[in-house]
Amino acid sequence: MNKLAQILPGLSPDSIARAGQALRAGACIGLPTETVYGLACDALNPAAVAGVFAAKDRPNFDPLIVHVRDAGQARVLAVFCEPARVLAERFWPGPLTLVLPRAVGDAGQPIVPDLVTAGLPAVGLRVPDHPVAQQLLSATGLALAAPSANRFGSVSPTTAQHVASELGDRIPLILDGGPCARGVESTVVGFTDTGSMRVLRLGGVPVEALREALPGHAVELTPPTSRPSAPGPADAAQALPSPGMTDRHYAPRTPLRYLPHDPGAGPAAVTPPAGRWGLLWFGKPEHAPDPSGFAAERNLSPDGEMTRAAANLFAHMRELDGLGLDGIVAIGVPDTGLGRAINDRLRRAATAPG
Ligand code: TXA
Ligand code: MG
């Protein structure tokens, strides 16, 4: 059996030094961010980037987000349009990924390698808002390519222990930064030729906040459907604006049924199918659905706080997934603000495998 990853306390200078050494040697490591844990490597080392795809079993038509310490470092790697500059100023550090044309280096080639962007002309960049990620980025000066640290298609990790259970036999070390405060991945935004903004993935920065930051600016929401549910031929996937957005994503092994939030209907109407089912819901106890027919129940946020629901989402899905249930009924949350990103994850978790 392979050696298991060491989990190190993320904030110790010794851990940061060891993680830096591993990254410079071309390894990939588990790294906490405010959204989810990432599987990080030196973004400018193509062999290391290939290691990330291999560790995740991830198809290499799916581009990786590059994490940088600040907007200055981002400007070395990509060309900013004016709305991107405004969004970076407003939301970095934070859960916003900007997809921007790659900058070209002295040799006339894009600085960020093709493997990182899956051959796309643009690169996704973000500045994470987590002290461990910040310290590692500052200490090493590296740009870190980091997808979520789960095997391809499965639930994103929000603790160091989740990373260990997903990839512990494949990576040397994991920096432990505690549970992720934000809990859903970054919002991914691109720009059309005419400069309008396109939301490629719903996430930690709500669409409402983007609109507020750029008043009067067009914001396109790419339809969340009409995507292949399983990796198809690379060229078909390349045609998608954000190739990683396959429908089957964030999925527990246990079948999950998603019931969209219905403001008019009382949740008490939910009855479990035959067998041992779990219930995933959200809200104050007085609105509780009748849990009596369910073998297990998890409430994303008993006080009705959406930020808490997002922080709990993947951990609760994982807990229910570990109980050997026949299925999970997940009731959606109100579809505004962060709630949209939560519902997006639940809907994708429920999509039958393609
Ligand atoms: O919060 C996050 O974004 C986390 C943490 C670790 O930073 N990362 C993350 O990475 O969720 P990943 O690889 O699981 O998802 C990245 C998403 C994918 O859907 C991918 O298609 C899209 O971002 N993406 C990345 N680079 C892109 C590019 N150049 N063009 C279009 N979409 C891109
Ligand atoms: Mg992911």
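The values are calculated or read from the model by the stated rules, or taken from the named source; none is laboratory data. All values reported here derive from a predicted model rather than from experimental measurement. Neighbour counts are summed over all protein chains in view; Cβ atoms, including those assigned to glycine, are modelled from backbone coordinates with ideal geometry.
If you scan region 1-22, which residues turn out to be part of a helix (DSSP H, G or I) and under 16 Å from residue 178 (Cα atoms)? Working first, answer last.
Initial filter on region 1-22 (part of a helix (DSSP H, G or I)): 13-22.
Once the filter is applied, which keeps residues that are part of a helix (DSSP H, G or I) and under 16 Å from residue 178 (Cα atoms), region 1-22 yields 15, 16.
As a summary of the residue check, residue 305 satisfies the conditions (1) modelled with pLDDT of 90 or more; (2) in contact with a helix residue (DSSP H, G or I) (Cβ under 7 Å, 6 or more places away or on another chain); (3) of a type in the set (D, E, K, R); (4) surrounded by fewer than 17 Cβ atoms within 10 Å (Cβ to Cβ) except for the one numbered (2).
Taken together, 71, 84, 118, 47 contain a single residue that is assigned by TED's automatic domain parsing to the domain that holds residue 148 and under 19 Å from the mean Cα position of the chain (by Cα), which is 118.
Looking at this structure, is residue 61 part of a helix (DSSP H, G or I) and within 16 Å of ligand 2 (Cβ to nearest atom)?
Numbers: part of a helix (DSSP H, G or I): no; within 16 Å of ligand 2 (Cβ to nearest atom): yes.
No, not satisfied.
Among the residues of region 129-153, those identified as more than 12 Å from the chain's Cα centre (by Cα), under 16 Å from residue 178 (Cα atoms) and of a type outside the set (S, T, N, Q) are 129, 130, 131, 132, 133, 136.
Can you confirm whether residue 102 is touching a strand residue (DSSP E or B) at 6+ places or on another chain (Cβ under 9 Å) and either within 16 Å of ligand 2 (Cβ to nearest atom) or at positive phi (or both)?
In short, no.
Tell me, please, whether a residue that is more than 26 Å from residue 221 (Cα to Cα), within 14 Å of ligand 2 (Cβ to nearest atom), crowded, with 19+ Cβ neighbours inside 10 Å and modelled with pLDDT of 95 or more can be found in region 167-175. Yes, region 167-175 contains at least one residue that is more than 26 Å from residue 221 (Cα to Cα), within 14 Å of ligand 2 (Cβ to nearest atom), crowded, with 19+ Cβ neighbours inside 10 Å and modelled with pLDDT of 95 or more. Among the residues of region 67-90, those identified as small (Gly, Ala, Ser) and either within 15 Å of ligand 1 (Cβ to nearest atom) or crowded, with 17+ Cβ neighbours inside 10 Å (or both) are 71, 74, 78, 84, 88.
Does residue 133 satisfy the criteria of being of a type in the set (Gly, Ala, Ser), buried (at least 19 other Cβ atoms within 10 Å of the Cβ) and farther than 19 Å from residue 37 by Cα?
no
Scanning region 69-113 for residues that are of a type outside the set (Gly, Ala, Ser) and part of a loop (DSSP other than H, G, I, E, B) yields a count of 13. Count of region 190-206 residues, restricted to those that are farther than 16 Å from residue 337 by Cβ and among the hydrophobic types (A, V, I, L, M, F, W, C), is 3.
Residue-level check: of (1) basic (Lys, Arg); (2) under 27 Å from residue 84 (Cβ atoms); (3) at pLDDT 95 or above, residue 227 misses just (3).
For region 176-192, the criterion of being farther than 20 Å from residue 252 by Cα and without any contact (Cβ under 8 Å) to a residue 60 or more places away in the chain is satisfied by at least one residue. Looking at region 34-42, is at least one residue aromatic (Phe, Trp, Tyr) and surrounded by 24 or more Cβ atoms within 10 Å (Cβ to Cβ)? Yes, region 34-42 contains at least one residue that is aromatic (Phe, Trp, Tyr) and surrounded by 24 or more Cβ atoms within 10 Å (Cβ to Cβ).
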